[in-house]
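Taking it in order: structure first as structure tokens, then the write-up.
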Amino acid sequence: LLREPVAAGVDRLAVDTDPATVVAALRRDGGVVVTGLLDPATTAVLAGELDPHVQRRAPGFGAEDTSGFYGRNTIRIQGLAVKSPTFVERVLLHPLLLGVADAVLLPQCGDYWMSQAETIYIGPGSAAQQLHRDDLNWSLAARLRVDLQVSTLVALGDYDAEVGATMVVPGSHTGDPDRAVDAAAARPVELAPGDALVYLGSLVHGGGANRTADRWRRALYLGYLVGWLTPEEAVARSITADVAASLPPRALDLLGWSAIRGNTAHDGAEAALKLWQLDADDQVRTGGFFRPR
Ligand SMILES: O=C(O)CCC(=O)C(=O)O
């Protein structure tokens, strides 16, 4: 970008902003830009770990995506914890992202976990994605009107309006999740490489149209989800015991390699009850790296 990025309707805060200020902006508008979430060197290393996988994959989301929602000329690679150590160390465990997720999600759950992480590389000539609220994956829970998910899109390269910057409807995260989407109010959130859009699962948004002939919109998506809901990606299945052995404890929690502890904000049974438990016999098959918690 040779000009200042456009992000109408959401704040742009630097990565050293305290989590409480980021959370306040997120709660007000439904999304916030964090500039410099990753420094240029880390952004380049991360893109370098992901790009070979992207280059081997044909665009489209296979037979699963009959609607085109996921983009017919979009490349989505999952299983990122196995493919990219930098993703785990610098994105999944990013202190600001964890600070924001702690504040937004922990009041509703014993712990949160990763719902999905994927590349979203939108190719030239792609139509705009249908505007949507991610929370409607869990449509009954979305109607409880509590925060279920905190998502992040990190720019790994071009992320301007022409190439498919994410479209958001600022303020659309409040109110009735069933009300009609106001597409006319959608605005592009342009990012420089290493910048991130952090947004609530209730915010109306969608991938922008890529109107270029030859440029790709390169993004990394990460979602944290309350631990009592089923993640979009079967994350734990992509992790082998060898990989688990190399991961820090907090990464194991987030990747489905630990039990989800009870809600310690409460006493008694609610604090004691756990989800995603593993029998001791099955624990052997995880090389002992599954955390009972
Ligand atoms: O690629 C983007 O900018 C948004 C993607 C998205 O919202 C989705 O695939 O659910």
Can you give the angle from 0 to 90° between the axis of helix 95-105 and the longest principal axis of the chain, with both taken from C-alpha atoms, to the nearest 10?
-> 70
With springs only between Cα atoms under 10 Å, which of 174, 152, 66 fluctuates most in a Gaussian network model of the chain?
-> 66
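Give me the percent of the accessible area of segment 163-246 that comes from carbon and sulfur atoms, probe 1.4 Å, all protein chains in place. Write down the numbers at each step before the final one.
On the way: 1640 of 3090 Å².
Looking at segment 163-246 in its full context, I get 53 percent from C and S.
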Measure off, as a whole percent, the carbon and sulfur share of the 1.4 Å-probe accessible area of segment 54-136, all protein chains present.
-> 52
Calculate how steeply helix 19-29 sits against the longest principal axis of the alpha-carbon atoms of the chain, using the helix alpha-carbon long axis, and give the answer as 0 to 90 degrees to the nearest 10.
-> 60
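Only loop residues by DSSP count here, and only those with at most 10 other Cβ atoms within 10 Å; note down the chymotrypsin sites (Phe, Trp or Tyr not before Pro) in segment 1-108 that meet that.
Numbers: sites: 61, 69, 70, 87; in loops: 61, 69, 70.
When the chymotrypsin sites (Phe, Trp or Tyr not before Pro) of segment 1-108 are filtered for loop state and at most 10 Cβ neighbours within 10 Å, nothing remains.
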Based on DSSP H runs of at least 4 residues, each adding -39500 (n - 2.57), what is the mean residue ellipticity at 222 nm of the chain after dividing by all its residues, to the nearest 500 deg cm²/dmol?
-> -6000 deg cm²/dmol
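Hey, what's segment 224-280 come to in accessible area per residue, 1.4 Å probe, Å²?
Value for segment 224-280: 52 Å² per residue.
In debye, nearest 20, what is the charge dipole magnitude of segment 173-293 about its Cα centre with +1 on Lys and Arg Cβ and -1 on Asp and Glu Cβ, if you could check?
Numbers: 13 positive and 15 negative charges, 72 e Å.
Result for segment 173-293 is approximately 340 debye, rounded to the nearest 20.
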Mind listing the phi-derived Karplus ³J(HN,Hα) values for segment 226-238, rounded to whole Hz, using 6.51, -1.76 and 1.60 with θ = phi - 60°, and x for any glycine or proline?
-> 3, x, 9, 10, 6, x, 5, 9, 7, 4, 4, 5, 8
What ³J(HN,Hα) values, in whole Hz, does the Karplus curve 6.51 cos²θ - 1.76 cosθ + 1.60 give for segment 285-293 when θ = phi - 60°, with x put for Gly and Pro?
-> 5, 8, x, x, 8, 5, 9, x, 6
On average, how much accessible surface per residue is there in segment 47-168, in Å², for a 1.4 Å probe, leaving out ligands, DNA and RNA?
-> 38
Give me the Debye-computed log₁₀ of I(q)/I(0) at q = 0.11, 0.18, 0.21 Å⁻¹ for segment 150-285, equal point scatterers on Cα only, no solvent, two decimals.
-> -0.61, -1.07, -1.21
In sequence order, calculated HN-Hα J values of segment 129-134 (Karplus, 6.51, -1.76, 1.60; Hz; x Gly/Pro) = 6, 4, 5, 7, 10, 4
List the residues whose amide H sits under 5 Å from the amide H of residue 126, counting only those 5 or more places along or on another chain, with H placed 1.01 Å from N in the peptide plane.
-> 210
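Rounded, prolate or oblate: which one fits segment 44-154, using the alpha carbon gyration tensor with axes a ≥ b ≥ c (rounded when a/c is under 1.5, else prolate when a/b beats b/c, else oblate)? Intermediate values should be presented prior to the final figure.
Working: a/c = 2.42, a/b = 1.24, b/c = 1.96.
Oblate shape, in that a/c is at least 1.5 and b/c is the bigger or equal ratio.
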Amide H partners (placed H, <5 Å) of residue 203, local residues excluded | 134
To the nearest 10 degrees, how steeply does helix 40-56 sit against the main Cα axis of the chain, on a 0 to 90 scale?
-> 90
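The values are calculated or read from the model by the stated rules, or taken from the named source; none is laboratory data. Not measured: the values here are computed from a predicted model. Quick reminder, even Gly has a Cβ in these numbers, built from the backbone with ideal geometry, and neighbours come from all protein chains shown. Protein only, heavy atoms only, side chains kept; ligands, DNA and RNA dropped before computing areas. Shrake-Rupley method; radii C 1.70, N 1.55, O 1.52, S 1.80 Å.
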